[in-house]
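Reading through the structure tokens given below for one structure.
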Amino acid sequence: MIAVHDFIIYTDIVFNETFKTKGGLELYGDKRFLQKRLAQRIVEIKELPLNYEGENIKGFQALIDITIFIQNNYDHGKGMNNEVIGHEGYYKIQSNMIIAVRENDRSDWIGFENNLLVEKIMEEEEVKKSSLIIIETPKLKAKKGFAKVLSINSNLPELIKGDVIQYNDNYGVDVFLEGKELLWIRVKDCLTKVM
């Protein structure tokens, strides 16, 4: 199998039966309603496109956007998903749908092309004191426009894993990975590194 314009990835499971919560609890879910949480985001890269000029990442694990599993391309009224015809579990994916790559389970994620994986910084909401007895417990909310870097990217060599950045919060896609809600942003949306 040769990839001409797209990467070819492989996964044996498209949708998992369970997902993890923030607390680590594993719950069963219905793929009709919880596609973002149940989709298998970590896949293996099997083939590279002919015109790809980057590092050889064949055999690497990739963190991907799940829309390749749920979208249909229509040709003369006939709907087809991105699965390679005749090869079950193999899918075609464009480079901009690969969020990050890593060599194996023990290595760190590296942002692919112009992508960056970050985690929102949470802070406690201010408790409004309406009386002498405070009943409400403080809740955590995302600090608007600030995040912690989880994947390095060669386009931003000054950033390392764990750095706090300010980003354009009008953009970004929520990504669920191992029970955590992360954020996928483009390198151009990273505004500054917070010292």
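The values are calculated or read from the model by the stated rules, or taken from the named source; none is laboratory data. Keep in mind that this is a model prediction, so the values were computed, not measured. For neighbour counting, all protein chains shown are included, and Cβ atoms are generated from backbone atoms with ideal geometry for every residue, glycine included.
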Task: Test for Val118: is it among the aliphatic types (A, V, I, L, M) and in the same structural domain as Phe146 (by TED's automatic domain parsing) - done: yes
Open item on the list: Can you list the strands (runs of 3 or more DSSP E) lying wholly within the stretch 89-195 that have 1 or more residues being closer than 20 Å to Gln40 by Cβ, out of contact with any His (no Cβ under 8 Å at 6 or more places or on another chain) and in contact (Cβ under 8 Å) with a residue 60 or more places away in the chain?
Closed with: 90-93, 98-102, 115-124, 173-177, 180-186
Task: Hits in the stretch 156-195 (condition: of a type in the set (A, V, I, L, M) and more than 17 Å from the chain's Cα centre (by Cα)) - done: Leu156, Leu159, Ile160, Val164, Ile165, Leu191, Val194, Met195
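Residue-wise test of (1) crowded, with 18+ Cβ neighbours inside 10 Å; (2) aliphatic (A, V, I, L, M); (3) outside the structural domain of Ile70 (by TED's automatic domain parsing).
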{"residue": "Val101", "(1), (2), (3)": "yes, yes, no"}
{"residue": "Asp105", "(1), (2), (3)": "no, no, no"}
{"residue": "Leu140", "(1), (2), (3)": "no, yes, yes"}
{"residue": "Lys144", "(1), (2), (3)": "no, no, yes"}
{"residue": "Asn155", "(1), (2), (3)": "no, no, yes"}
{"residue": "Ile165", "(1), (2), (3)": "yes, yes, yes"}
{"residue": "Val175", "(1), (2), (3)": "yes, yes, yes"}
- [ ] Would you mind telling me which numbered condition in (1) farther than 25 Å from Phe176 by Cβ; (2) surrounded by 10 or more Cβ atoms within 10 Å (Cβ to Cβ); (3) touching a residue at least 40 places away in the same chain (Cβ under 8 Å) Met1 fails?
- [x] (2)
